[in-house]
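The values are calculated or read from the model by the stated rules, or taken from the named source; none is laboratory data. None of the values given here were measured: they were computed from a predicted structure. Cβ placement follows ideal geometry from the backbone for every residue including glycine, while neighbour counts extend to all protein chains displayed. For accessibility, only protein heavy atoms count, side chains too; no ligands or nucleic acids. Shrake-Rupley method; radii C 1.70, N 1.55, O 1.52, S 1.80 Å.
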Amino acid sequence: MFIDAHAHMISRTTDDYQAMAAAGVVALIEPSFWIGQPRTYVGTYVDYLSHIVGFERFRASQFGIRHYCTIGLNSKEANNEELAEGVMEILPQFALKEGVVAIGEIGYDEQTPLEDKYFRAQLELAKELDLPVMIHTPHRDKKKGTLRSMDVCREHGVDPNKVVVDHNNEETVEDVLDRGFWAAFSIYPSTKMGNVRMVELLKRYGGDRVILDSATDWGISDPLAVPKTAELARQSGVSEEAIRKATYANALTAYGQSGQMSEADWIDGLRVDQTQLHEGNSILRGGRDPVVENVKAGTAGLIIE
């Protein structure tokens with residue numbers, strides 16, 4: 001069984017859900033994020049957050065996957081102060097919805113004063129609601145941004161055990177682990193952190209406090225990155241214990257601190273019932289016969305590129 005701890009499924013197709021379920025993904029976490037272009041009104045944010053706590057949760061269930069999400073103002077849009085102020089007002093009502101396991105993904109992009117302001121405000125919100133935090137580390141000047149993110153968490157009295165620092169690489173992992181934070185890695189095809197490099201990190205650091213995810217979204221990305229990396233690690237001699245921690249158990253422990261995510265949610269199998277509707281809508285098209293069955297996590301033949 002696998003948990004994909006970072007997957008933007010709102011950008012993906014039903015084929016992706018089917019492939020993930022067939023490969024053994026039993027649960028995933030969808031962080032609120034940058035959709036590829038700026039949102040200009042708070043109302044569009046309201047609709048987006050409503051979608052990931054509502055319809056996307058339903059859509060995942062139709063393919064036998066448990067869907068959870070994180071709620072937050074992303075760092076890019078923190079630089080639109082008028083929008084950011086409006087979003088901060090609505091975040092608490094969404095953060096308390098069923099299936100929300102953290103405040104995130106939050107942090108720095110260009111490391112501007114406004115990004116810093118709203119990162120700190122959201123850390124305070126996480127403390128107030130007693131929720132874990134998912135941190136987005138910047139793609140530019142990553143080490144500086146990662147260290148700064150952890151320093152700010154400490155400054156606000158946020159327990160490192162409740163903070164997942166995501167998008168790590170070889171440059172940042174040691175600092176994150178040494179400071180007691182969870183170190184997450186987004187596995188991208190060909191760029192950033194590929195699965196071959198990730199396997200080398202598992203060999204060096206083991207699976208303690210390490211979390212793998214796909215960060216699959218609207219760009220070139222792979223919704224099967226977690227099971228593929230697990231299989232490559234297995235073929236490369238990484239222990240089963242380390243693989244299980246990094247691809248399943250650690251995400252469950254870290255985000256389970258929210259009280260919203262439990263192994264009991266899927267351990268006895270999931271009921272797929274495609275006769276169900278969400279606000280009158282079905283995932284079926286054209287008179288297709290609905291699937292109604294209990295499913296257990298399986299493994300598909302994976303092609304690792």
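Quick notes
- Residues (out of contact with any helix residue (DSSP H, G or I) (no Cβ under 8 Å at 6 or more places or on another chain), over 27 Å from Q18 (Cα atoms) and of a type in the set (D, E)) located in the range 196-238: E200
- Among the residues listed as D222, D208, D151, D175, the single one being touching a residue at least 24 places away in the same chain (Cβ under 8 Å), in a helix (DSSP H, G or I) and acidic (D, E): D175
- If you filter the range 130-147 down to residues that are out of contact with any Pro (no Cβ under 9 Å at 6 or more places or on another chain) and in a helix (DSSP H, G or I), you find that the one that is surrounded by the fewest Cβ atoms within 10 Å (Cβ to Cβ) is K143.
- Residue that is surrounded by the fewest Cβ atoms within 10 Å (Cβ to Cβ) [pool: residues in the range 229-242 that are in a helix (DSSP H, G or I) and among the small types (G, A, S)]: A242
- Taken as a whole, the range 63-72 holds at least one residue that is open to solvent by 60 Å² or more (accessible area, probe 1.4 Å), part of a strand (DSSP E or B) and in contact (Cβ under 8 Å) with a residue 12 or more places away in the chain.
- The set of residues in the range 180-197 being open to solvent by 20 Å² or more (accessible area, probe 1.4 Å) and not polar (S, T, N, Q) consists of G180, Y188, P189, K192, V196, R197.
- Top-ranked residue in the range 157-179 [being closer than 18 Å to K144 by Cα and touching a Pro at 6+ places or on another chain (Cβ under 8 Å); ranked as most open to solvent (accessible area, probe 1.4 Å)]: R179
- Reported count of residues in the range 257-274, each being modelled with pLDDT of 90 or more and in contact with a strand residue (DSSP E or B) (Cβ under 6 Å, 6 or more places away or on another chain), is 7.
- Among the residues of the range 243-286, those identified as of a type in the set (A, V, I, L, M, F, W, C) and either within 18 Å of the chain's Cα centre (by Cα) or crowded, with 18+ Cβ neighbours inside 10 Å (or both) are I243, A246, A249, A251, L252, A254, M261, W266, L270, V272, I283.
- Output for the range 1-24, where each listed residue is outside any helix (DSSP H, G or I) and over 16 Å from D217 (Cβ atoms): M1, F2, I3, A23, G24
- There is at least one residue in the range 33-48 that is outside any loop (DSSP other than H, G, I, E, B), in contact with a Lys or Arg (Cβ under 7 Å, 6 or more places away or on another chain), free of Cβ contacts under 8 Å to residues at least 60 places away in the same chain and buried (at least 16 other Cβ atoms within 10 Å of the Cβ).
- Counting only residues that are in a loop (DSSP other than H, G, I, E, B), acidic (D, E) and in contact (Cβ under 8 Å) with a residue 60 or more places away in the chain, the range 75-129 holds 1 of them.
- Within the range 198-219, the presence of at least one residue that is crowded, with 19+ Cβ neighbours inside 10 Å and basic (K, R) is confirmed.
- Matching option when the condition is exposed (fewer than 14 other Cβ atoms within 10 Å of the Cβ), polar (S, T, N, Q) and at negative phi, among Q122, Q93: Q93
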